[in-house]
Amino acid sequence: MTTFVPEPHLLDSPRGRDWAPAPVSAPRPAGADEVPATADVVIVGAGPAGLATASALWHLGVHDVVLLDRDGRPCGRFFDRIDTLKQRVLRSPYEHHPGVEGYRDCELLDFARLNWSRLTPVERREIRMAQAGHRSVVPVDVFEAYCRHVATLHHVDERTWRADVRGVRPTADAVTVHADGVSVVAPYAILCLGEERRAAPSDWWEGDSVPPGVSYWDEPVPEDAEHLTVIGAGLSAAHLIANALSDGKRVHWIVRAAEERYQCADVNASFFRAEGRARFDGTSWEDRLTLMGGQRRASVMFEFRPRMQAAEADGRLIVHRGRAVTGLLPERAGRVAVRLSDGERVVTDHAVLALGTAVSTGDRLLPAGMTAARDGWPDLDEKTLAFRNAPRVFAVGAAAGMVLGPAARNIDGHRVATARVATAVAVGLAQSSGRRSTDGRVMAGV
Ligand SMILES: Cc1cc2nc3c(=O)[nH]c(=O)nc-3n(C[C@H](O)[C@H](O)[C@H](O)COP(=O)(O)OP(=O)(O)OC[C@H]3O[C@@H](n4cnc5c(N)ncnc54)[C@H](O)[C@@H]3O)c2cc1C
């Protein structure tokens, strides 16, 4: 029997290297800094899902696209979160990339090989693993450079504007997207909103604001906190713990389940393939809910296990397994007490909440009732991912979970969603302008 030995050194990878610029570089034309008032499509959110969607539309000849994002740059929030956690490698393998389904663009693995001379021996070995069809670890640095490459090739940078979208208002023949001070009218809007951090239960403390000495996983940890509590059992919690230990801090880790889970991927790989999706498609709503619940359970990459076990063995890490948090209370000298369900109190300099994420369904942007949410999931057309109550508005990303299954929230799932949404939008645009090629494929100007 072969025993899998997790290798902690795979988690380390250089960040901030120089990469060759993409062959086409198209800055926004002078005088085009203002958000256009009209477009063929407005994409809200320029994360990996928005990037994949805009790139797919580009291949289908839909170029009059406006991307609106709070951050103003493609994949900004994704990499900000990753860098706050000092995450150096992705959890998803080389075959997961935000390129375009069905078009043989340079894929992530090709891109990494083209940059062979910039890679470390460990990174090169992982590429060979990927080529041989094994699980492989992708450096964040490579992934970011690849996202920039995809964004540049598909003119996504020049079509992205910084804007906080406050409302999406569909009518029979158009959608108006309202952001701070600007509105864009388009025949179609695509919501690529991603996920917000999951807030702590309201009874963990009094009042609306987070108590002193407490922060969330996507915020920096104060450097002077020598003794830290981390609450949560996922990869963000693992990064926070690993960072604290390597800075010489001592850590309490509160895990609600009986024990922490270590596994390579966060989603069973079959859900990224057609046969896995078919398994999901063919089931009742209740069975889908059960599957989603099971697949969304927190887990940590295998590679962390040796470091965690070593730290626990020598007392730098104390793991409170099977213990639920019931509250957080400020203590003297800026410290914080975490109260556990059995009455124990863990007092440290700082506590970090790594409670995962909650799907942005679009219900805050669309008029009341239009998402027709059931069990928190929007009601989407299974073929096109359009909101059934707002057929000119589509969802790509985690919000499509109950149609596409657990892969919807991951980079590879975006490609599948994008293929459906981009085709539906391109067909709709072509039909309304009377342009359609004979083989049914939509092409601009045909
Ligand atoms: C630390 C971390 C590591 C991860 N690692 C992996 C991984 O290795 N592999 C993987 O497949 N997945 C990973 N994920 C999951 C990952 O979040 C998704 O795969 C990917 O980011 C989702 O892309 P997205 O575009 O749907 O969401 P996001 O990346 O969150 O992008 C959504 C964008 O929409 C913007 N937005 C939202 N609402 C509005 C609004 N009202 N107005 C304007 N802009 C708005 C946001 O600012 C954001 O920029 C990771 C997640 C985290 C947090």
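Taking the convex hull of the alpha carbon positions in the stretch 319-374 and averaging its projected area over all directions gives 6.5 nm².
Note on the chain: Kirkwood hydrodynamic radius from all Cα pairs is 23.3 Å, rounded to one decimal. Any chance you could give the angle, 0 to 90 degrees and rounded to 10, that helix 235-246 forms with the longest Cα principal axis of the chain? The two axes meet at around 50 degrees. A full extension of the chain between S117 and T176 corresponds to an added length of 16.5 nm, given 0.36 nm per residue minus the alpha carbon distance.
Charge dipole (Cα centre; +1 on Lys/Arg Cβ, -1 on Asp/Glu Cβ; no other charges) of the chain amounts to roughly 700 debye.
List the residues of the stretch 89-131 whose backbone N lies under 17 Å from a point placed 7 Å from the Cα of E195 along the Cα-to-Cβ direction. Under cut-off, by backbone N: 90-93. A 1.4 Å probe over all protein chains sorts E126, E34, E344, E275 by accessible area into E34, E275, E344, E126, starting with the largest.
Per the Kirkwood treatment, what hydrodynamic radius in Å, one decimal, follows for the stretch 77-151 from the mean inverse distance over all distinct Cα pairs? Every distinct Cα pair counted, the radius reaches 12.7 Å. Among the protein heavy atoms, those of M129 account for about 70 Å² of accessible surface (1.4 Å probe, every chain in place). Working value for the stretch 355-423: equivalent-ellipsoid semi-axes of 18, 16, 9 Å, each the square root of 5 times a Cα gyration tensor eigenvalue, largest first.
Computed from label points 7 Å out along Cα-Cβ, the spacing between S209 and A278 is 5.6 nm. Roughly what % of Cα-Cα distances in the stretch 173-323 sit above 22 Å, to the whole percent? Here the long-distance tail beyond 22 Å is 59 percent of all Cα pairs in the stretch 173-323. Of all DSSP beta bridges confined to the chain, the antiparallel ones make up roughly 45%. Measure nothing fancy, just the Cα-based angle from helix 48-59's long axis to the longest principal axis of the chain, in degrees from 0 to 90, nearest 10. The answer is roughly 20 degrees. For the chain, find the longest principal axis of its Cα atoms and tell me its angle to the long axis of helix 285-295, 0 to 90°, nearest 10. It works out to around 50 degrees. Computed over the stretch 268-328, the convex hull of the alpha-carbon atoms projects to a mean area of 6.9 nm². Expressed in Å, the radius of gyration and Dmax of the Cα atoms of the stretch 295-426 are 21.2, 61. In the full protein context, the chain carries 46 Å² of accessible surface per residue, based on a 1.4 Å probe and ignoring ligands, DNA and RNA.
The values are calculated or read from the model by the stated rules, or taken from the named source; none is laboratory data. Just so it is clear, the structure is predicted and the values come from calculations on it, not from any experiment. Quick reminder, even Gly has a Cβ in these numbers, built from the backbone with ideal geometry, and neighbours come from all protein chains shown. Please note that ligands, DNA and RNA were not included when accessible areas were found on the heavy atoms of the full protein model with its side chains. Shrake-Rupley method; radii C 1.70, N 1.55, O 1.52, S 1.80 Å.
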